[in-house]
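Asks: Can you keep this structure in mind? I'll have questions shortly.
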Amino acid sequence: MSEVSLKTTRLVMSVVDIREETDECKTYRFVSALNQEIFPYKPGQDVKLYFDTPLKKNDFRLYSIASSPTRREYMELTIKSEHGQFAPYFLAQAKVGDQYVVEGPYGRFLSKPLKMIEEKKLDTLVFLAASSGIVPFRCFIEYAIDTGLDVDIWLFYVNRTRLDLIYRRLLPKLLEGYPKLRLLLNFTREHEISKPELYEVVYDLKDELKERIDFLFARRLEFNDIASRVENWKEAWYGICGGARFIAGDRQMGQDGMMQKLEKGGVERSRIEIDSYGTK
Ligand SMILES: Cc1cc2nc3c(=O)[nH]c(=O)nc-3n(C[C@H](O)[C@H](O)[C@H](O)COP(=O)(O)OP(=O)(O)OC[C@H]3O[C@@H](n4cnc5c(N)ncnc54)[C@H](O)[C@@H]3O)c2cc1C
């Protein structure tokens, strides 16, 4: 599993299940409509999803593959609206039984750390996700569960409020399935909430999982929030995924993104990889 597959294939896929994640985000499960094999891919890779919107025939957008390549019978995509020209229509119109063209795989996000893990050169991963930026990390963690990887994974997951949390039902399962996973949920626009309310955010949470979840409210994630938790942060490998502002900040506003925060904190550039979802 070390070389990234670059051969792209087109598949006709049927929607067999739709799960609501938030008001603006759904996860779609696809299976091959023509009994073709789903193409091989690595965790972190993307596909193009084609769809006729009212604005453009045969339009497409890139989506990270949400489900692990070890689960061969289906492929899941998690699609969030950014109020643009594609996702709002897909979310409103796509239904179980519909068929779509899916083309991939594309990209090489997360292939480097996977290779390093296979070569026993890495034992700590730090994943920094904003909103739908969680998707490639979900894929990687499912892959880690299925293949028995034995590395520490820290997932720092940033959202505005608890209503924006994608995978609220899945996160406890990932924690349960991968004992070396730690999770910090950062809600930038929430103020203090009580503990019981807090755990309702990630509902159905067993007591023993609670100690692997931490929360941060009413401010943005800073480098020290990472360094104070991840003991060997210098030797860790960092993946950042989300919109451009989360990754690179906002120069006009004088705000650093995660990239600058890590570099200013002392993380080597070669240990950071990004997957940027859009310009906002
Ligand atoms: C490699 C790659 C993988 C992606 N994987 C996913 C995924 O797994 N799930 C998912 O929901 N989206 C993903 N996206 C974004 C996706 O392609 C769509 O842009 C998104 O669903 C929004 O669609 P839209 O029609 O609302 O907006 P669009 O018409 O696509 O874009 C409208 C505006 O929003 C910006 N934008 C798009 N996405 C984001 C974002 N996440 N944060 C900030 N600004 C954004 C665009 O740059 C543009 O300015 C990915 C993008 C890339 C490049």
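Read the figures in this text as sums done on the coordinates, not as results from a lab. The structure presented is a predicted model; accordingly, all values stated were derived computationally and were not measured. Reconstructed Cβ throughout: ideal geometry from the backbone, glycine too, with neighbour counts over all protein chains shown.
Asks: Please report the Cα spread of the range 9-106 along all three principal axes, rounded to whole Å, starting with the longest.
Replies: 32, 27, 24 Å, listed from the longest principal axis down.
Asks: Would you grab the residues whose amide H sits under 5 Å from the one on Leu155? Only those 5+ places off in sequence or on another chain, please, with H modelled 1.01 Å from N.
Replies: When sequence neighbours closer than 5 places are left aside, the close amide H contacts are Phe127, Arg182, Leu183, Leu184.
Asks: When DSSP beta bridges are limited to those with both residues in the range 143-280, what percentage is antiparallel, rounded to the nearest 5?
Replies: The antiparallel fraction comes to roughly 5 percent.
Asks: Also, quick follow-up: So for the range 16-169, considering every pair of alpha-carbon atoms, how many percent are separated by more than 24 Å?
Replies: That tail contains 34 percent of the Cα-Cα pairs.
Asks: Counting other beta carbons within 10 Å of each residue's own, what order do Lys57, Lys26 fall into, fewest first?
Replies: Fewest-to-most ranking of Lys57, Lys26: Lys57, Lys26.
Asks: Distances longer than 18 Å among the Cα atoms of the range 111-276: what percent of all pairs is that?
Replies: 59 percent
Asks: Report, in debye and to the nearest 20, how large the dipole of the chain comes out about its Cα centre when Lys and Arg carry +1 and Asp and Glu carry -1 on their Cβ.
Replies: For this selection, approximately 600 debye.
Asks: Among bridges DSSP assigns within the chain, what percent are antiparallel (round to 5)?
Replies: If I count the DSSP bridges inside the chain, around 50 percent turn out antiparallel.
Asks: Take Met259, Met253 and order them by how many other Cβ atoms sit within 10 Å, fewest up front.
Replies: Fewest to most other Cβ atoms nearby, the residues stand as Met253, Met259.
Asks: Still on this structure: Over what distance in Å are the Cα centres of the range 220-280 and the range 91-135 separated?
Replies: 18 Å
Asks: Please report, in debye to the nearest 20, how large the charge dipole of the range 9-106 is about its Cα centre when each Lys and Arg carries +1 at its beta carbon and each Asp and Glu carries -1 there.
Replies: My answer is approximately 220 debye.
Asks: Within 10 Å of each residue's Cβ, count the other Cβ atoms and sort Met116, Met258, Met75 from fewest upward.
Replies: With the fewest neighbours first, Met116, Met258, Met75 line up as Met116, Met75, Met258.
Asks: What residue among Leu221, Ala144, Gln99 has its Cα farthest toward the positive end of the dipole of the chain, where the charges are +1 on Lys, Arg and -1 on Asp, Glu, each on the Cβ?
Replies: The residue sitting most towards the positive pole is Gln99.
Asks: May I pose another question? Given charges of +1 on the Cβ of Lys and Arg and -1 on the Cβ of Asp and Glu, with all other atoms neutral, how large is the dipole of the range 111-276 about its Cα centre, in debye to the nearest 20?
Replies: Rounded to the nearest 20 debye, it is 420 debye.
Asks: Starting from 0 in steps of 10 Å, tell me what percent of the Cα-Cα pairs of the chain lands in each bin.
Replies: Answer for the chain: a P(r) of 6, 29, 36, 23, 5, 0 percent.
Asks: Can you work out the base-10 log of I(q)/I(0) for the range 178-280 at q = 0.11 1/Å, using the Debye formula on its C-alpha atoms alone?
Replies: After summing over all Cα pairs, the log10 values are -0.41.
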